[in-house]
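Heads up: the structure comes next, in structure tokens.
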Amino acid sequence: MSRHDVYVDDNFYLDADERRHLGSFDTLEAAVAACRDLVEGWLRASWKAGSRPEALLNRYYNFGPDPFVTPYALVGAVVL
């Protein structure tokens with residue numbers, strides 16, 4: 001069984017040194033769910049009553065978390 005690691009980049013810094021490891025998951029579905037939960041939680045916390053959805057999306061693109069899934073076997077691998 002392969003593990004799937006979830007890493008999070010920050011849309012503000014866009015720097016690999018700022019990347020953090022969210023966790024390791026036994027299934028791809030669980031890893032994707034963790035990514036979804038992180039983004040949805042950020043969106044809920046950042047929503048301000050009366051603001052436009054476009055403004056929230058723009059704020060996410062500039063400052064929100066950018067999670068992604070990497071199969072455990074590929075962590076540290078060089079992709080050409």
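When you go through 45, 49 one by one, which is the residue that is assigned to a helix (DSSP H, G or I) and out of contact with any helix residue (DSSP H, G or I) (no Cβ under 6 Å at 6 or more places or on another chain)?
Just a single option satisfies the conditions, and that option is 45.
Those residues that are basic (Lys, Arg) and over 10 Å from the mean Cα position of the chain (by Cα), I need them from region 20-51; list them, please.
Once the filter is applied, which keeps residues that are basic (Lys, Arg) and over 10 Å from the mean Cα position of the chain (by Cα), region 20-51 yields 44, 48.
Every residue in region 27-62 that is open to solvent by 50 Å² or more (accessible area, probe 1.4 Å) and in contact with a His (Cβ under 8 Å, 6 or more places away or on another chain), please.
Answer for region 27-62, where residues must be open to solvent by 50 Å² or more (accessible area, probe 1.4 Å) and in contact with a His (Cβ under 8 Å, 6 or more places away or on another chain): 27, 28.
If a residue must be touching a residue at least 40 places away in the same chain (Cβ under 8 Å), open to solvent by 50 Å² or more (accessible area, probe 1.4 Å) and in a loop (DSSP other than H, G, I, E, B), how many such residues does region 1-24 contain?
3
The values are calculated or read from the model by the stated rules, or taken from the named source; none is laboratory data. Since the model is a prediction, treat every value here as computed from it, not as a measurement. Neighbour counts are summed over all protein chains in view; Cβ atoms, including those assigned to glycine, are modelled from backbone coordinates with ideal geometry. Ligands, DNA and RNA are excluded from the accessible area calculation, which covers all protein heavy atoms including side chains. Shrake-Rupley method; radii C 1.70, N 1.55, O 1.52, S 1.80 Å.
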